[in-house]
Amino acid sequence: MINTAITEILYQLSDDVFEREVTSTDTLPAFSYKPVSDIPQTTLDLTEHRIARYQISTVARNSADAATLAKQLRQHLKYLKGNFSGVNITLIKEQQTIPDFSGDPNVHRHIIDFNFYYGE
């Protein structure tokens with residue numbers, strides 16, 4: 001269900017959202033995402049919230065557009081919380097930005113890892 005929530009959140013920024021990979025033949029600019037981990041956190045009150053780590057990429061035809069999308073994404077997620085597709089997201093933390101080594105000269109990416117703290 002967290003995948004559906006991530007998709008819903010990204011659709012607030014763009015109609016072009018892809019799971020896993022965006023290629024140079026897809027409509028750009030766009031967002032893509034892929035799960036890295038999803039770990040339950042046992043708590044004293046047994047609510048067992050989860051922490052899901054997702055890699056979200058902003059993809060564009062030039063580096064300036066990719067950077068602008070990355071800035072919009074960071075600002076959008078900074079204070080976002082609430083119920084998305086039945087998933088209650090309580091906190092989103094940016095972890096790191098990873099360099100793009102795709103090698104495609106027509107595609108520029110900013111790859112950012114985020115932790116989503118949530119319960120279902």
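Take residue 50 and tell me if it is open to solvent by 40 Å² or more (accessible area, probe 1.4 Å), over 15 Å from residue 22 (Cβ atoms) and in contact with a Pro (Cβ under 6 Å, 6 or more places away or on another chain). Against the criterion (open to solvent by 40 Å² or more (accessible area, probe 1.4 Å), over 15 Å from residue 22 (Cβ atoms) and in contact with a Pro (Cβ under 6 Å, 6 or more places away or on another chain)), residue 50 qualifies. Check region 8-28 and report whether any residue there is out of contact with any Lys or Arg (no Cβ under 8 Å at 6 or more places or on another chain), assigned to a strand (DSSP E or B) and open to solvent by less than 50 Å² (accessible area, probe 1.4 Å). Looking for residues that are out of contact with any Lys or Arg (no Cβ under 8 Å at 6 or more places or on another chain), assigned to a strand (DSSP E or B) and open to solvent by less than 50 Å² (accessible area, probe 1.4 Å), one finds at least one in region 8-28, hence yes. Every condition in (1) farther than 18 Å from residue 111 by Cβ; (2) in contact with a strand residue (DSSP E or B) (Cβ under 8 Å, 6 or more places away or on another chain); (3) modelled with pLDDT under 90; (4) open to solvent by less than 50 Å² (accessible area, probe 1.4 Å) is met by residue 2 except one, and the failing one is (3). Of all residues assigned to region 30-37, none qualifies as being surrounded by 14 or more Cβ atoms within 10 Å (Cβ to Cβ) and either in a helix (DSSP H, G or I) or more than 12 Å from the chain's Cα centre (by Cα) (or both). Cβ contacts < 7 Å: first residue on the phi > 0 side of the Ramachandran plot, restricted to region 35-51; second residue modelled with pLDDT under 75, any location; separation 6+ or different chain. Result? Qualifying pairs under 7 Å: 48/41; 48/42. Report whether or not residue 51 is within 27 Å of residue 119 (Cα to Cα) and modelled with pLDDT under 90. Taking the combined requirement at face value, the residue does not satisfy it. Cβ separations smaller than 8 Å between residues 6+ apart or across chains give the following pairs from region 69-86 residues that are of a type in the set (Ser, Thr, Tyr) to residues that are at pLDDT below 95 and open to solvent by 100 Å² or more (accessible area, probe 1.4 Å): 85/1. The residue that is nearest to the chain's Cα centre (by Cα), counting only those in region 97-120 that are open to solvent by 40 Å² or more (accessible area, probe 1.4 Å) and more than 17 Å from residue 32 (Cβ to Cβ), is 117. Based on this model, can you work out whether residue 23 counts as within 26 Å of residue 106 (Cα to Cα) and out of contact with any Ser or Thr (no Cβ under 8 Å at 6 or more places or on another chain)? Yes.
The values are calculated or read from the model by the stated rules, or taken from the named source; none is laboratory data. Source: prediction; values computed, not measured. All Cβ positions, glycine included, derive from the backbone under ideal geometry; neighbour counts span all protein chains shown. Surface accessibility is based on the protein's heavy atoms, side chains included, excluding ligands, DNA and RNA. Shrake-Rupley method; radii C 1.70, N 1.55, O 1.52, S 1.80 Å.
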